[in-house]
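First up is the structure itself, then whatever we jot down about it.
Readers should treat all values here as calculations from the given coordinates under stated rules, not as data from a laboratory. Just so we're clear, the structure is a prediction, and the values are computed from it rather than from any experiment. Because the Cβ atoms are built from the backbone with ideal geometry, glycine has one as well, and the counts that use them run over all protein chains shown.
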Amino acid sequence: MKRLDISAPVLSQQDLGHGILLLAILAPEIAKAALPGQFCMLHAGSPETTDPLLRRPFSIHYADGDTIFFLYRVVGKGTRLIAAMRPGDVIRILGPLGCGFSISAETKNILVGGGLGTAPLFFLARSLPREGTTIMLGAKTSGELARADAFLPHAEKVFLSTDDGSLGQHGLVTELLAGHIQRTLCTGFLPLVSACGPWPMVRAVAHLCHINGIPCQVSLEARMACGTGLCLGCAIPRSGGGYLHVCTDGPVLDAALVDWETSQ
Amino acid sequence: MSHPRPDLSVAIGPLRLRNPILLASGTCGYGRELADLVDIGALGGIVLKGISLKPRPGNPPPRIVETPSGLLNAIGLENVGIDTFIERKLPSLREIDTCIVSNILGESVEEYGELARILDMAGGVHAIEVNISCPNVKAGGFAFGTDPAAAAEVTLAVKESTCLPVIVKLSPNVTDITAIARAVEKAGADALSLVNTLFGMAIDIRRRRPALANVFGGLSGPAIRPVALRMVWQTVRAVGIPVIGIGGIRTAGDAIEFLMAGARAVQIGTISLVNPRASTEIISGIESFMREEGFSRITDMRIDR
């Protein structure tokens with residue numbers, strides 16, 4: 001796996017509202033090497049800054065030609081500095097990192113995203129055939145369903161849900177999934193579920209898949225210092241004992257490998 | 001005016017390093033993980049992730065939290081154990097042309113001796129760094145590093161078990177680091193490295209609980225540099241053996257401060273996690289500085305006081 005650590009120019013920074021932004025960086029070698037589900041570490045602010053000290057992990061929204069895109073939300077000091085970057089500014093970027101999604105064009109694919117968990121799923125959706133792909137996206141409210149329309153050309157069906165009912169089905173995306181799983185199983189197909197989102201949502205998806213005997217891969221988040229397997233800071237409990245490291249074992253993991261009971 | 005190429009090589013007891021820059025334990029894995037991002041062969045050496053007799057799973061998450069200009073960690077010395085290390089990690093390290101230092105952690109004096117004995121016979125390791133200062137494990141480590149007599153006992157056990165040069169890594173979480181340093185020197189250590197992380201904590205105010213599952217952790221990064229530098233200065237003036245400076249070094253200027261304080265070499269830790277090439281950038285920065293200021297050897301930079 002080829003990893004690069006380079007300084008690259010910001011091409012665009014689009015404010016999508018609700019503190020959500022779409023960042024485009026010109027990084028040809030990283031863009032060409034990137035696979036769906038992988039991530040990059042981005043350095044916030046000037047190279048001289050020590051606060052924030054660490055780079056921040058960002059899942060790759062997608063790569064197109066020489067450009068790599070990140071869909072993210074401003075949550076703290078680091079993301080605020082990255083959000084302040086303008087076209088032409090140079091950002092330090094390390095990637096692509098980690099293990100991405102298993103891509104299976106032969107099975108029916110169900111992609112489930114909650115909140116900004118939709119970010120890495122878009123890259124996966126672009127890599128799958130439209131036929132046989134179902135996408136389910138949920139968020140607290142319609143404004144937080146960032147770039148949901150971008151998914152439309154990449155799936156046979158796109159279902160939306162919001163906690164407040166402002167768009168799509170009123171309720172949780174996991175409720176959408178539960179109904180859909182039953183209908184899919186009735187057709188005799190065993191789908192592959194790929195999920196990303198807040199921990200409780202991903203855990204619920206993993207549980208649903210587990211009880212229905214459906215394979216499930218999850219893209220997980222963790223606090224990271226290095227992103228490259230050096231610090232061992234991003235540990236999550238492994239099923240059967242010990243720990244997995246989100247940066248090198250993941251961020252995409254077979255849901256069956258994760259100990260969901262003791263996790264967070 | 002430009003001066004001739006300065007000599008960056010240094011001696012740490014019987015060890016000869018091509019330059020005074022080593023990667024610190026716990027920030028460079030077992031060496032290979034960084035090989036595609038940094039030229040390890042250009043470094044003075046690497047200090048590998050701490051190894052215990054048996055594999056250790058490490059602490060539950062969250063294990064890390066960022067603090068102002070610092071990183072608080074409670075990894076808990078997750079490691080593969082000495083047997084797997086020798087079987088699976090050490091062979092590929094033999095191809096790297098740099099000084100390989102293995103860091104060891106025991107839960108008893110006997111375990112430290114046993115680890116040293118095994119490494120001595122393994123081949124491919126050039127020196128042992130004895131961790132008596134990890135704040136994140138319950139048994140061993142810390143307890144040995146805060147008491148001069150216990151620190152000396154561990155040092156002696158390791159020295160008796162190996163012919164390899166022994167570097168003892170000291171904790172800053174003591175009232176007088178020079179008392180521990182002198183005890184370890186008397187017990188036969190070839191060199192000292194300091195400091196390990198500063199014992200600290202952070203609280204997640206939204207969740208109203210400690211930010212780390214382990215509650216306490218070790219603080220590293222630029223935030224601790226002035227404390228580390230002071231301890232290196234004091235220790236250099238208290239012992240006769242070489243001192244390796246560690247603590248928040250981010251730039252060549254930071255490293256030069258430690259060398260001027262009298263450190264024979266320095267270790268680069270947390271900043272490698274942010275910038276994998278920091279260590280090699282620091283090496284060229286030191287060389288430029290020496291050229292500009294007319295220093296021909298690393299030890300010439302020491303402040304005599």
TODO: Mind jotting down a quarter of the surface of the convex hull over the alpha carbons of chain B, in square nanometres, one decimal?
DONE: 15.2 nm²
TODO: Treating only the Cβ atoms of Lys and Arg (+1) and Asp and Glu (-1) as charged, compute the dipole magnitude of segment A:109-257 about its Cα centre; round to the nearest 20 debye.
DONE: 140 debye
TODO: Report, in whole Å, the centroid distance computed from the Cα atoms of segment B:248-305 and segment A:195-262.
DONE: 40 Å
Task: Percent of C-alpha pairs per 10 Å bin, segment B:156-305, short to long - done: 11, 34, 33, 17, 5, 0
TODO: Excluding residues on the same chain fewer than 8 positions from B:K54, give the aspartates and glutamates whose Cα lies under 19 Å from its Cα.
DONE: B:E78, B:D83, B:E87, B:E107, B:E110, B:E111, B:E114, B:D120, B:E129
Open item on the list: Can you tell me what share of the DSSP beta bridges in the protein assembly as shown is antiparallel? A percent to the nearest 5 is fine.
Closed with: 50 percent
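Please give the direction-averaged projected area of the C-alpha convex hull for segment A:120-202, in square nanometres with one decimal. Walk me through the numbers before you get to the answer.
Values: hull surface 21.2 nm².
Mean projected area of the Cα convex hull: 5.3 nm².
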TODO: For segment A:36-85, just the Cα set please: Rg and Dmax, both in angstrom.
DONE: 11.5, 33
Task: Phi to ³J(HN,Hα) by Karplus 6.51 cos²θ - 1.76 cosθ + 1.60 over segment B:240-251, Hz, x for Gly, Pro - done: x, 7, x, 10, 9, x, 9, x, x, 6, 10, 10
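What does the charge dipole of chain A about its Cα centre add up to, to the nearest 20 debye, if the Cβ of each Lys and Arg holds +1 and the Cβ of each Asp and Glu holds -1? Intermediate values should be presented prior to the final figure.
Working: 20 positive and 21 negative charges, 36 e Å.
That gives chain A a dipole magnitude of about 180 debye.
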Task: Other protein chain Cβ atoms within 10 Å, averaged over every residue that makes up B:17-28 - done: 1
Open item on the list: Net charge within 12 Å of A:P28 by Cβ-Cβ distance, Lys/Arg positive one each and Asp/Glu negative one each, not counting A:P28 itself?
Closed with: -2
Task: Distance histogram in 5 Å bins (all Cα pairs of segment B:89-181, percent per bin) - done: 3, 15, 25, 22, 17, 11, 5, 2, 0
- [ ] Round to a whole angstrom and tell me the spacing of the C-alpha centers of segment A:1-56 and segment B:74-126.
- [x] 36 Å
Task: 10 Å Cβ neighbours from other chains, averaged over peptide B:50-59 - done: 2
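Would you kindly give the portion of the calculated P(r) for segment A:19-59 that falls above 17 Å, as a percent of all Cα pairs? Don't skip to the answer; put the middle values down first.
Numbers: 349 of 820 pairs.
When every Cα pair of segment A:19-59 is considered, 43 percent fall beyond 17 Å.
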- [ ] Report the local net charge at A:G132: Lys and Arg +1, Asp and Glu -1, summed over other residues whose C-beta lies under 12 Å from its C-beta.
- [x] 0
TODO: Take every Cα-Cα pair in segment A:4-97 and report what % of them are more than 19 Å apart.
DONE: 31 percent
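Over all directions, average the projected area of the Cα convex hull of segment B:1-104 and note it in nm². Before the final figure, lay out each step's value.
On the way: hull surface 39.5 nm².
Reported value for the Cα convex hull: 9.9 nm².
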Task: Lys, Arg +1 and Asp, Glu -1 on Cβ, resulting dipole of segment B:44-187 about Cα centre, debye, nearest 20 - done: 200 debye
Task: Cut-off 15 Å between beta-carbons: net charge of the residues surrounding A:D164, Lys and Arg +1, Asp and Glu -1 - done: -2
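Å³ per residue of the Cα convex hull, for segment A:109-257? Before the final figure, lay out each step's value.
On the way: hull volume 16.0 nm³, N = 149.
For segment A:109-257, the hull spanned by Cα atoms encloses 107 Å³ per residue.
Counting residues in segment B:237-305 as N, plug N into 2.2 N^0.38 Å and put the Cα Rg over that result. Before the final figure, lay out each step's value.
Working: Rg = 12.1 Å, N = 69, 2.2 N^0.38 = 11.0 Å.
It is 1.10.
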Open item on the list: Debye calculation, C-alpha points only, no solvent: report log10 I(q)/I(0) for the protein assembly as shown at q = 0.09 Å⁻¹, in the same order as the q values.
Closed with: -0.70
Task: Rounded to whole Hz, the Karplus (6.51, -1.76, 1.60) HN-Hα couplings of segment B:97-110, x for glycine and proline - done: 8, 7, 6, 9, 10, 9, 9, 10, 9, x, 9, 8, 4, 4
Open item on the list: Could you list B:M301, B:M201 so that the one with the fewest beta carbons within 10 Å of its beta carbon is first and the one with the most is last?
Closed with: B:M201, B:M301
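Take the cross-link list A:K108/B:K89; A:K32/B:K49; B:K49/B:K186; B:K89/B:K169; A:K2/B:K169 and give me the ones stretching past 29 Å between alpha-carbons. Please list the in-between numbers first.
Values: A:K108/B:K89 41 Å; A:K32/B:K49 33 Å; B:K49/B:K186 27 Å; B:K89/B:K169 22 Å; A:K2/B:K169 35 Å.
Cα-Cα > 29 Å for A:K108/B:K89; A:K32/B:K49; A:K2/B:K169; rest within.
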Task: chain A - Rg (one decimal) and Dmax (whole number), Cα, Å - done: 17.8, 59
Task: Vicinal HN-Hα couplings computed from phi for segment A:209-215 (Karplus, 6.51 cos²θ - 1.76 cosθ + 1.60; Hz; Gly/Pro x) - done: 5, 4, 6, 9, x, 9, x
